[in-house]
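Written below as structure tokens is the structure these notes are about.
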Amino acid sequence: MLYLLYIFPAVIFVLTTIIYFVVRNGLKSYVEDLSSKVKEIESVLDLSFMRDMLTRFMSRSAARAAQMLRNNQSATSTEGSALTINRGDDIDRFYASIRKVAQPSIDLERVNFIASLLQKVLLIYGYTIAVVEFALISFSLLPAYSSYYGDFDGIFLGGTIFFSMVLVLMIADLQIYSKRIKNSVNKA
């Protein structure tokens, strides 16, 4: 009769495998959709970046600085400090433009990492629970350990609640980065 308890770890093992494949396929299509959106965003942002770069290099201060370099002249102190300040602002804008272009790809890599981690954690936790449950059932068949089975089930219930909270946080993190990508689509 107690041997029927071995059905529980078997069910946990099978359900873990099924859930893993369902989550893997769902996340794969989700990440592919985000990837296509990132490619669209990158093409638009690349054009925007090139336009910004051309605009900056066509500005009067950039033309004046290039002329000074061509003529190998040293600038007067006021012109030199103005050019230095201008270059600092230009570099800040240049960095912001690069960051704007690269951010969707960075967010997509984070989504890929979290999705991969989520799948692995689901698989490891489910299989671990199945193996430990199998061991507990085996030990509970021995008379000396039969009273501890209920205690360990309570511990597993607490662990599962904690594990569920970790999964919710991972999914929330995944949603945050996905939302940032989707917001980039709207801004581009």
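Contact annotation: residue pairs with Cβ atoms under 7 Å, 6 or more positions apart or on different chains, pairing a residue in the stretch 166-177 that is more than 12 Å from V121 (Cα to Cα) with a partner that is of a type in the set (K, R) and in a helix (DSSP H, G or I), are Y177/R110. Screening the stretch 1-48 for residues that are of a type outside the set (A, V, I, L, M) and open to solvent by less than 40 Å² (accessible area, probe 1.4 Å) and picking the one that is farthest from S140 (Cα to Cα) gives S48.
Out of L123, L117, one residue alone is closer than 19 Å to V23 by Cβ, of a type outside the set (D, E, K, R) and touching a Ser or Thr at 6+ places or on another chain (Cβ under 9 Å). It is L123.
The values are calculated or read from the model by the stated rules, or taken from the named source; none is laboratory data. All figures in this text were calculated on a predicted structure; none of them were measured in a lab. In this analysis, Cβ positions are derived from the backbone assuming ideal geometry, glycine residues included, and neighbour counts consider all displayed protein chains. Areas reflect the complete protein model, heavy atoms only, side chains present, ligands, DNA and RNA absent. Shrake-Rupley method; radii C 1.70, N 1.55, O 1.52, S 1.80 Å.
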